[in-house]
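Written out below as structure tokens is the structure these notes cover.
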Amino acid sequence: MANYNPQQIEAKWAKAWERKKAWQVDLKKVSAKGRKPYYNLMMFPYPSAEGLHVGNVYAFTGSDIHGRFERMRGNDVFEPMGFDSFGIHSENFAIKMGTHPKAQTAKNIKHFTEQLKQLGALFDWSRAVTTSEPEYYKWTQWLFLQLYKAGLAYKAKAPVDWCPSCKTVLANEQVIDGKCERCSSQVMQKELEQWFFRITKYADKLLKNLEKIDWSERTKIAQRNWIGRSEGAQIEFKIQNSSLKINAFTTRPDTLFGATYMVFAPEHELVEKLKSQIKNWGEVQKYLEEAKQKSELERTELTKEKTGVELKGVRAVNPATKENIPVFIADYVLASYGTGAIMAVPAHDERDLEFATKYKLPITEVVIPWLIDKRNPPVAGKKKVERRNVHAIVRNPKDGKILCLKWKKFNWLTFPMGGVEENEDIVKAARREVEEETGYTNLKLVRVLGGQVCAEYFAAHKDENRVSYTTAVLFDLAGEDRVEVSEEEKERHEALWLEKSQITPQNMTHTETGIWLSRWEGKSGSYLGEGVLINSGKFNGMNSKLAMGEIVKFAKGQKKVNYHLRDWLISRQRYWGPPIPIIYCKKCGTVPVPEKDLPVKLPEVKDFRPTGTGKSPLASVASFMNTKCPKCKGKAERETDVSDTFLDSAWYFFRYPCTEFKNKPFDKARVKKWLPVSMYIGGQEHAVLHLLYTRFITMALKDMGHIAFDEPFKKFRAHGLITKEGAKMSKSKGNVVNPDEYFVKYGADTVRMYLMFLGPFAEGGDWSDKGIVGICRFLSRAFELVTAKTEAKNDLVSLRNKTIKKVTEDLENLRYNTAIASLMEYSNEMKDGGKKDIETLLILLAPFAPYMTEELWSKLGHKDSVHNQPWPKYDVKQVKAERIRFIIQVNGKVRDVMELAADTSEKQATDFALKSRNIRKWVGNSKVKRVVFVPGRLVNIVV
RNA sequence: GCCCGGGUGGCGGAAUGGUUUACGCAGAGGACUUAAAAUCCUUGACCCGAAAGGGUUUGUGGGUUCGACUCCCACCCUGGGCACCA
């Protein structure tokens with residue numbers, strides 16, 4: 001018996017495939033009829049010195065299986081691989097090891113390539129791309145120039161995030177929790193002149209296009225959140241005794257009547273302009289100085305108490321109330337968002353409340369919640385839930401506390417919609433009951449919130465089918481006595497609530513619970529939700545959502561949209577990256593390097609360490625820096641910063657199919673045929689950085705007329721993370737699994753399949769050596785099945801068709817774990833199977849275990865490769881079994897199982913069922929009320 | 001705080017509203033072997049029971065349904081992302 005020897009087999013076929021260039025597609029050739037170009041892309045790796053780890057193997061295998069599947073389905077699959085070799089990562093490593101990044105990178109790439117070749121993937125090595133090669137970064141620089149020409153690249157002085165350890169500025173996206181993404185040192189704020197890409201110009205398109213692309217929903221959500229569109233209004237506040245005005249951005253214009261003060265960010269330009277008017281300038285200046293010195297982390301520390309200084313002598317006018325309100329500077333307001341100034345509404349914003357409490361500023365409540373019974377949302381046309389709930393809410397004017405005392409159900413028909421607010425009966429009834437149950441007598445009616453408000457609410461939520469059903473009756477305690485709530489009283493009310501309302505803290509909604517409990521406990525808290533306006537002049541009683549628009553109009557404000565997204569800061573004061581192709585001339589100013597002079601080569605220098613002065617190490621290389629102005633030929637200096645690594649990887653997929661073009665970054669016809677990418681697979685960790693930048697670059701290239709599409713990847717799927725004992729693998733933890741020893745011990749096929757079998761591809765899994773023997777056994781058994789050469793037996797028609805269907809569907813949805821499971825089931829029956837079954841098994845298995853299936857296929861005497869076989873089709877009719885195990889239930893409980901013909905009729909099945917001893921026992925003498933029959937599945941006898 | 005996931009045997013994980021636990025690992029029993037490894041066969045949620053059989057069970061509590069891991073409401077736990085973004 002020939003034993004399965006993966007090492008030998010894999011070495012043999014790897015060689016043969018390379019010799020035959022088995023996976024190279026001719027990108028120029030028009031695809032044969034019926035075959036479509038299929039660009040199967042995976043995120044290219046950063047070639048680390050440690051080499052490939054199982055996380056890479058996982059990602060690439062999952063992607064490769066997809067590519068192989070599409071190839072067997074008759075597409076021309078282009079599956080390239082390359083290296084993201086520029087960047088801080090490589091450079092930091094070289095610094096630590098005392099080597100040069102160039103030499104180090106070359107070494108790493110060599111090692112990586114060797115490892116990747118073992119994987120058995122479809123990689124077309126003739127088109128590998130390395131971002132640190134001049135022939136690649138020449139075009140990265142070209143891309144910069146195009147963006148510059150289009151006005152999408154600009155230089156500006158701005159407060160930027162600076163990593164003191166990496167000694168460079170960072171993009172907004174690379175700062176995590178106030179720390180550097182790379183080295184975790186605390187990021188500082190610095191005011192520097194830097195290059196930016198105007199990604200914000202595309203904010204709206206980046207957001208809208210998400211609807212039309214087929215990406216994992218999680219990734220889309222992450223992008224949406226990052227772009228952070230928020231709709232609101234800009235409202236102008238006049239400054240008393242001044243021609244100056246303050247513009248404030250708010251998402252809650254409905255709370256304008258509650259704006260009791262204003263706050264500037266310390267960097268706000270008006271602070272300086274108002275200097276003459278500010279009476280306590282010394283104090284203000286001191287605060288400004290302090291704010292400047294704080295790091296980003298210190299400023300955004302949530303536990304930190306809010307600080308600020310009033311601008312004495314400066315008063316703003318609330319356009320709604322016409323009241324004069326104080327103005328502060330405080331660092332809890334960010335200069336970089338909105339207008340850098342806010343109207344503070346302490347009653348409805350937690351941060352404002354915290355500040356107002358500390359500085360004893362007035363708090364005016366302008367929105368109060370309504371309570372909604374979500375348990376039985378009434379739907380028009382359904383009688384049984386048509387009813388109306390009345391809350392009696394008692395407000396204590398002394399401390400503003402609200403007690404929700406009553407929950408009474410009325411028949412909906414008694415109170416026709418719309419008339420409720422004026423319906424005295426409700427008020428009287430509520431008052432009587434509240435008085436009875438609380439003993440409070442001096443109740444003053446504040447308001448009845450009824451049908452109208454709720455109808456508006458539902459209209460605003462496009463839920464017109466619902467009728468209004470909640471009414472709140474608000475009382476003030478007019479008298480002075482009995483205002484304090486004792487512990488016993490609280491308990492009594494709580495019991496009352498539970499008893500009468502049938503509402504428990506468990507089934508209340510979040511909002512209800514939060515408000516109710518915080519009121520009881522006397523905690524101050526701001527109500528952030530929607531509700532009904534109070535203390536808002538003529539807008540009292542209006543739905544807060546509807547009031548937004550009305551109040552903006554009233555205050556002559558403007559609707560405005562703001563984004564969280566910032567422009568992409570791409571300058572890096574480092575060595576290992578593409579120099580930014582810009583020349584500064586005293587006469588001509590900023591001059592882009594002419595395209596014919598590209599690449600601006602990165603000079604080979606000995607000392608490439610970051611300087612920390614805010615200048616790149618290149619600034620000390622005179623031969624690099626000093627140059628001629630392309631325009632006037634006079635003396636000029638080069639830009640010495642390099643660009644962000646993310647720019648390298650933002651366009652690499654354009655280069656892959658065009659590597660042979662030396663005079664252009666990509667060829668129009670080639671791109672037209674092969675792009676956008678058919679399927680992109682990569683890690684979820686790039687959901688916002690890389691994937692947002694690639695989309696931006698693609699949109700920009702389209703608008704500049706270079707390409708005809710605006711989204712780079714038709715489909716994107718994120719794979720999960722491979723952990724070790726539940727922890728993320730990292731060098732610092734020392735738990736990185738190197739796949740090499742497993743390749744040697746079990747072979748690549750086994751490693752591939754084991755990883756895919758761990759769990760759903762999108763969710764990753766935990767690497768342990770335990771389960772790998774299961775896959776090893778499976779492959780050995782399959783191997784022996786073929787080599788044992790027993791004569792053909794049965795034909796597993798039904799199972800074969802079922803398996804083909806299952807595997808095909810699972811592959812389409814990247815559900816590799818269940819595909820493998822069904823292949824195992826199929827192979828477990830294979831001792832009864834004939835030649836056709838064995839061949840089908842090999843073909844279905846080929847994308848997972850390319851080496852072994854190829855070997856066995858050739859052992860079966862086939863000349864052609866198993867990977868060139870067409871993907872098998874299944875016959876729907878054959879998928880169904882003839883006899884089926886019917887489940888027999890009595891009152892929904894399984895009491896028997898019977899094997900019957902698949903097409904057994906309801907009557908037949910019921911008769912069979914009732915004859916069963918088991919069933920008779922359960923049915924007994926009871927009358928059969930009803931029989932539920934699901935064809936081909938079950939009979940449920942209800943008695 | 002906000003936004004996404006997830007919670008099913010000893011473990012990884014399967015389950016169009018229809019037998020919970022497919023497939024695999026570990027375990028138990030057996031065969032082969034002087035023996036072990038490897039391999040093959042059998043078994044496999046929990047409780048009661050000798051067995052037949054019965055009861056319980058998909059984080060918790062409710063609801064809808066003939067029937068719920070699956071749908072609805074609320075809660076708890078947990079992994080991840082974002083966060084003084086007005």
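The values are calculated or read from the model by the stated rules, or taken from the named source; none is laboratory data. Since we're looking at a predicted model, the values are computed, not measured. Here the Cβ positions follow ideal geometry from the backbone for every residue, glycine too, while neighbour counts run over all protein chains shown. Accessible surface areas use protein heavy atoms only, side chains included; no ligands, DNA or RNA. Shrake-Rupley method; radii C 1.70, N 1.55, O 1.52, S 1.80 Å.
So that you can scan it fast, the table gives a plain yes or no per residue for (1) crowded, with 22+ Cβ neighbours inside 10 Å; (2) part of a strand (DSSP E or B); (3) of a type in the set (V, I, T); (4) without any contact (Cβ under 8 Å) to a residue 60 or more places away in the chain:
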{"site": "A:Q7", "(1), (2), (3), (4)": "no, no, no, no"}
{"site": "A:Q24", "(1), (2), (3), (4)": "no, no, no, no"}
{"site": "A:G34", "(1), (2), (3), (4)": "no, no, no, yes"}
{"site": "A:Y39", "(1), (2), (3), (4)": "yes, yes, no, no"}
{"site": "A:T61", "(1), (2), (3), (4)": "yes, no, yes, no"}
Checklist outcome for this item: Taking the range A:769-781 and keeping only residues that are near RNA strand B (Cβ under 8 Å from one of its atoms) and open to solvent by 10 Å² or more (accessible area, probe 1.4 Å), one is left with A:K770, A:G771, A:V773, A:G774, A:C776, A:R777, A:S780, A:R781
Checklist entry - Applying the selection to the range A:593-621, what residues are within 14 Å of A:W139 (Cα to Cα) and surrounded by fewer than 21 Cβ atoms within 10 Å (Cβ to Cβ)? => result A:P594, A:E595, A:K596, A:D597, A:L598, A:P599, A:K601
Item to check | Flag for A:S732 being modelled with pLDDT under 90 and away from RNA strand B (no atom under 13 Å from the Cβ) | outcome: yes
Checklist entry - Just one of the numbered conditions (1) within 14 Å of RNA strand B (Cβ to nearest atom); (2) of a type in the set (D, E); (3) within 30 Å of A:G764 (Cα to Cα) is not true of A:E854; which one? => result (1)
Item to check | Residue among A:F257, A:F249, A:F264, A:F237 that alone is farther than 23 Å from A:S536 by Cα and of a type outside the set (V, I, T) | outcome: A:F264
Item to check | Residue within the range A:339-351 that is modelled with pLDDT of 80 or more and more than 15 Å from RNA strand B (Cβ to nearest atom) present | outcome: no
Checklist outcome for this item: Going through the range A:558-592 in order, the residues found to be farther than 21 Å from A:E639 by Cβ and either open to solvent by 20 Å² or more (accessible area, probe 1.4 Å) or not in a loop (DSSP other than H, G, I, E, B) (or both) are A:Q558, A:K559, A:K560, A:V561, A:N562, A:Y563, A:H564, A:R566
Next on the checklist: Here is a list: A:E784, A:E763. Which entry is near RNA strand B (Cβ under 10 Å from one of its atoms) and assigned to a loop (DSSP other than H, G, I, E, B)?
Outcome noted: A:E763
Checklist entry - A:L692: in contact with a Ser or Thr (Cβ under 7 Å, 6 or more places away or on another chain) and surrounded by 22 or more Cβ atoms within 10 Å (Cβ to Cβ), yes or no? => result no
Item to check | Flag if A:P45 is touching a residue at least 24 places away in the same chain (Cβ under 8 Å), more than 33 Å from the chain's Cα centre (by Cα) and open to solvent by less than 20 Å² (accessible area, probe 1.4 Å) | outcome: no
Next on the checklist: Whether any residue in the range A:185-195 is modelled with pLDDT under 90, small (G, A, S) and open to solvent by 60 Å² or more (accessible area, probe 1.4 Å) is what I want to check.
Outcome noted: no
Next on the checklist: So for the range A:231-252 (the condition being hydrophobic (A, V, I, L, M, F, W, C), near RNA strand B (Cβ under 7 Å from one of its atoms) and under 12 Å from the mean Cα position of the chain (by Cα)), does at least one residue qualify?
Outcome noted: no
Checklist entry - Can you name every residue in the range A:110-132 that is farther than 13 Å from A:L647 by Cα, touching a residue at least 24 places away in the same chain (Cβ under 8 Å) and either among the hydroxyl-bearing types (S, T, Y) or outside any helix (DSSP H, G or I) (or both)? => result A:L119, A:G120, A:A121, A:L122, A:F123, A:D124, A:S126, A:A128, A:V129, A:T130
Item to check | Set A:L143, A:L119, A:L147: member being crowded, with 19+ Cβ neighbours inside 10 Å, of a type in the set (A, V, I, L, M) and either modelled with pLDDT under 95 or closer than 24 Å to A:P610 by Cα (or both) | outcome: A:L119
Checklist entry - Can you tell me which residue in the range A:819-851 is nearest to A:E10 (Cα to Cα), limited to those that are away from RNA strand B (no atom under 11 Å from the Cβ) and outside any helix (DSSP H, G or I)? => result A:A849
Next on the checklist: For the condition under 26 Å from A:L206 (Cα atoms), surrounded by fewer than 15 Cβ atoms within 10 Å (Cβ to Cβ) and touching a helix residue (DSSP H, G or I) at 6+ places or on another chain (Cβ under 9 Å), what is the one hit in A:A708, A:A687, A:A762, A:A718?
Outcome noted: A:A708
Next on the checklist: Which of the numbered conditions does A:L546 fail, given that it passes all the others? Conditions: (1) modelled with pLDDT of 85 or more; (2) surrounded by fewer than 22 Cβ atoms within 10 Å (Cβ to Cβ); (3) farther than 22 Å from A:K155 by Cβ.
Outcome noted: (1)
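So that you can scan it fast, the table gives a plain yes or no per residue for (1) away from RNA strand B (no atom under 12 Å from the Cβ); (2) open to solvent by less than 50 Å² (accessible area, probe 1.4 Å); (3) at pLDDT 90 or above; (4) among the β-branched types (V, I, T):
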residue: A:V271; (1), (2), (3), (4): yes, yes, no, yes
residue: A:E289; (1), (2), (3), (4): yes, no, no, no
residue: A:T307; (1), (2), (3), (4): no, yes, no, yes
residue: A:E310; (1), (2), (3), (4): yes, no, yes, no
residue: A:V317; (1), (2), (3), (4): yes, yes, yes, yes
residue: A:V327; (1), (2), (3), (4): yes, yes, yes, yes
residue: A:Y332; (1), (2), (3), (4): no, yes, no, no
